[in-house]
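Engineer: The structure that follows is given in the form of structure tokens.
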Amino acid sequence: MPTAKIEGATMGQPIITRDAGRYFLTDRIRHEVDWWNTPQARGEEPPPVQKPVAPGAMVIPLPPPATWGIPPCSLADGIARRESRRRFRAVPLTPEELAFLLWATQGVRARLNEAAVLRTVPSAGCRHPFETYLAILSVTGIEPAVYRYLPLDHALVLEREVPDLAATVTAAAHGQRFAGEAAVTFVWTAIPARTEWRYAEASYKVIALDAGHVCQNLYLACEAIGAGTCAIAAYRQALADELLGVDGREEFTVYLAPVGKV
């Protein structure tokens, strides 16, 4: 049976086969997990629900919901109009619009305890394994750079300034130009340990499913503000991780979605 080497296979990384890929899509692994030996079962503390902010980092509070003024958009209309959009107008997003999109994709509805936060999207076991990074290119009042959303604080933290950010984002997206032509490109990373704490080896399929929940909310929220997006699953892993400054093992890029006015 033919096999397909994944990026980095020459450095001892695994090789993906058709059977392995199809096995991943089933739920057979759940019956093979030693549920008495997961980190949760051993009494270990769960990973934080939000990455900490580096001392001295610049934090930008986002406009609260009461100030947004988002036009009404029925759920039926949003679903009917939803499509992948790759051409954007040269119009910046407002901070209110960006705040709305972030709330729609990872906003906090309630904090149950230190280990569980209810958000605007579902997640297996309430584990929410994602961090949301933003390559901001054109948002009114916010300088172009890479930021991270802090859902517990409804704020942005400046992660890094990147020379020629548009070109760097485009390169990370396998040369797809619209990623660097957007007002902002959402980049989601996974921190598998959050889900592994409860589900061990059964984590990986549900992490992939959770990513779909997040991005679909972005599609629908874009329709309410006259914007559009197109999900990107084809990207250069090393370049995307380098753009964000993540290690590529404990945290790594899993999905991108450029957003702009249409």
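Engineer: Looking only at the range 28-53, which residues are loosely packed, with under 10 Cβ neighbours inside 10 Å and part of a loop (DSSP other than H, G, I, E, B)?
Structural biologist: The answer is E32, D34, R42, G43, P52.
Engineer: Same structure again: If we scan the range 125-135, do we find a residue that is over 21 Å from I207 (Cβ atoms), open to solvent by 40 Å² or more (accessible area, probe 1.4 Å) and modelled with pLDDT of 95 or more?
Structural biologist: Scanning the range 125-135 turns up no residue that is over 21 Å from I207 (Cβ atoms), open to solvent by 40 Å² or more (accessible area, probe 1.4 Å) and modelled with pLDDT of 95 or more.
Engineer: Could you tell me how many of the residues in the range 77-120 are in a helix (DSSP H, G or I) and touching a strand residue (DSSP E or B) at 6+ places or on another chain (Cβ under 6 Å)? Quick ask: steps written out before the conclusion?
Structural biologist: Step one: list which residues in the range 77-120 are in a helix (DSSP H, G or I), which gives 77-81, 95-106.
Those left that are additionally touching a strand residue (DSSP E or B) at 6+ places or on another chain (Cβ under 6 Å): 98, 102, 106.
Residues flagged as in a helix (DSSP H, G or I) and touching a strand residue (DSSP E or B) at 6+ places or on another chain (Cβ under 6 Å) within the range 77-120 amount to 3.
Engineer: Scan the range 87-101 and report the pairs whose first residue is farther than 14 Å from P71 by Cα and whose second residue is of a type in the set (S, T, Y) and open to solvent by less than 50 Å² (accessible area, probe 1.4 Å), with Cβ atoms within less than 9 Å and a gap of 6+ or a chain change.
Structural biologist: Pairs found: A90/S138; V91/S138; P92/S138; L93/S138.
Engineer: Okay, moving on. Could you tell me whether T253 is more than 17 Å from V49 (Cα to Cα) and either in contact with a strand residue (DSSP E or B) (Cβ under 6 Å, 6 or more places away or on another chain) or in contact (Cβ under 8 Å) with a residue 24 or more places away in the chain (or both)? Outline the logic, then answer.
Structural biologist: Details: more than 17 Å from V49 (Cα to Cα): yes; either in contact with a strand residue (DSSP E or B) (Cβ under 6 Å, 6 or more places away or on another chain) or in contact (Cβ under 8 Å) with a residue 24 or more places away in the chain (or both): yes.
So T253 fits the description; yes.
Engineer: Just to check your reading of the model, which residue among A41, A66, A80, A57 is more than 23 Å from V262 (Cα to Cα) and modelled with pLDDT under 95?
Structural biologist: Going through A41, A66, A80, A57 in turn, the sole match is A66.
Engineer: Next question, about the same structure. Can you name the residue in the range 169-199 that is open to solvent by 20 Å² or more (accessible area, probe 1.4 Å) and in contact with a helix residue (DSSP H, G or I) (Cβ under 6 Å, 6 or more places away or on another chain) and, of all such residues, is farthest from Q237 (Cα to Cα)?
Structural biologist: Per the stated criteria, the residue is R198.
Engineer: How many residues does the range 60-80 hold that are surrounded by 14 or more Cβ atoms within 10 Å (Cβ to Cβ) and out of contact with any His (no Cβ under 7 Å at 6 or more places or on another chain)?
Structural biologist: From the range 60-80, those surrounded by 14 or more Cβ atoms within 10 Å (Cβ to Cβ) are 60, 62-63, 68, 70, 73, 78; that's our starting set.
Cutting the leftovers down to out of contact with any His (no Cβ under 7 Å at 6 or more places or on another chain) gives us 60, 63, 68, 70, 73, 78.
Number of matching residues: 6.
The values are calculated or read from the model by the stated rules, or taken from the named source; none is laboratory data. Model, not experiment: these values are computed from the prediction. With ideal geometry, Cβ positions are generated from the backbone for all residues, glycine too; neighbour counts draw on all protein chains shown. In case anyone asks, the SASA skips ligands and DNA or RNA and just uses the protein heavy atoms, side chains included. Shrake-Rupley method; radii C 1.70, N 1.55, O 1.52, S 1.80 Å.
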